[in-house]
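Each remark here refers to the structure printed beneath this line.
The values are calculated or read from the model by the stated rules, or taken from the named source; none is laboratory data. All values reported here derive from a predicted model rather than from experimental measurement. Cβ sites come from the backbone with ideal geometry, for glycine too, and all protein chains shown count toward neighbours.
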Amino acid sequence: MMQHKLTLFKTYDKCANAKPKLTVVLIHGIASDSSTYNTALKHFEKMSDLKDVRFVTFDLLGSGKSLKSDELNYDYNDQLSALKKSIKQLKSKTPLILVGHSLGTFIVTRFTNKYPKSVSRLILISPPIYTKADFANPAFAVGIDAFKKAVSVKNRDILKEKSFINSMDKIVLDKNNYDVLAQIKVPTTLIYSKEDQLIAPYNVPGIIRKNSSLHAIGTHGRHGVTEDKFKELAKILVKEVNA
């Protein structure tokens, strides 16, 4: 029953123009919520070149103000079902661009893989690109444990939450993520920091060689949606809205 009711809580939906030319949906990462994009959105609001873009953010299931329930699996099926219904409720008649950060890159990639005709472009910020060789490396598990401990510093109980546990196990650590990204045919841009060890940046050249629809923009800085990253995102969106 619940599967038919799944939607995401919409936290932002604005366009300076009453008739937008483009809709951009931004999806956040793990152990976070849509506030990930607050600084970026304030920057976009000041840009006259983006006045025709409708920006929308949602909280993923288990995050922010969206549904939290032990009945949920917090897997791809749940998140994609909720995202599909939420996008449909926007009643947008413009081209759709999906933007994902970290965990959100996997969700928007799978959505595009499932509904390729509904997405005009993908933009992936700090995508953790793990290969099957990474999963087999003992150091990989050590790195994942270190990440979990770092996350628990801000929220000591998060490691016990079903939404976090399943988001890690069923989405971030899904061994098919790399292959799905390699097969995406929608134009896709990766925006990432070359120093961000959370995402295995050494895998970026390989994924680019495997898929001609992909290209990468390297920046500096941390894992988050930092200024250097959202300014690169703005450049891409300006080109898209003027295309």
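Give region 1-17 a look and list any residue that's in a loop (DSSP other than H, G, I, E, B), modelled with pLDDT of 95 or more and among the hydrophobic types (A, V, I, L, M, F, W, C), or say none.
Leu8, Cys15, Ala16
Can you tell me which residue within region 109-143, out of those that are of a type in the set (Val, Ile, Thr) and touching a residue at least 12 places away in the same chain (Cβ under 8 Å), is surrounded by the most Cβ atoms within 10 Å (Cβ to Cβ)?
Start the filter on region 109-143 by keeping residues that are of a type in the set (Val, Ile, Thr), which leaves 109, 112, 119, 123, 125, 129, 131, 142.
After this cut, where a residue has to be touching a residue at least 12 places away in the same chain (Cβ under 8 Å) as well, the list is 109, 112, 119, 123, 125, 129, 131.
Working: Thr109: 23, Thr112: 24, Val119: 23, Ile123: 25, Ile125: 33, Ile129: 23, Thr131: 19.
Among them, the one singled out is Ile125.
Within region 80-96, restricting attention to residues that are among the charged types (D, E, K, R) and closer than 14 Å to Lys10 by Cα, which residue is surrounded by the most Cβ atoms within 10 Å (Cβ to Cβ)?
Per the criteria, the residue is Lys84.
Any chance region 62-70 includes a residue that's in contact with a Lys or Arg (Cβ under 7 Å, 6 or more places away or on another chain), exposed (fewer than 14 other Cβ atoms within 10 Å of the Cβ) and farther than 23 Å from Leu233 by Cβ?
Filtering region 62-70 down to residues in contact with a Lys or Arg (Cβ under 7 Å, 6 or more places away or on another chain) leaves 62, 70.
Retained after the next criterion (residues that are exposed (fewer than 14 other Cβ atoms within 10 Å of the Cβ)): 70.
Still in the running and farther than 23 Å from Leu233 by Cβ: 70.
Looking through region 62-70, at least one residue is in contact with a Lys or Arg (Cβ under 7 Å, 6 or more places away or on another chain), exposed (fewer than 14 other Cβ atoms within 10 Å of the Cβ) and farther than 23 Å from Leu233 by Cβ.
Would you confirm, using the coordinates I've provided, whether Phe106 is surrounded by 17 or more Cβ atoms within 10 Å (Cβ to Cβ), closer than 21 Å to Leu72 by Cβ and free of Cβ contacts under 8 Å to residues at least 60 places away in the same chain?
no
Search region 100-121 for residues being basic (Lys, Arg) and out of contact with any helix residue (DSSP H, G or I) (no Cβ under 6 Å at 6 or more places or on another chain), and hand back the single one that is nearest to Asp179 (Cα to Cα). Step through it out loud before you land on a result.
Filtering region 100-121 for residues basic (Lys, Arg) gives 110, 114, 117, 121.
Next, from what is left, pick out any that are out of contact with any helix residue (DSSP H, G or I) (no Cβ under 6 Å at 6 or more places or on another chain): 114, 117, 121.
Numbers: Lys114: 14, Lys117: 20, Arg121: 18 Å.
Here the residue is Lys114.
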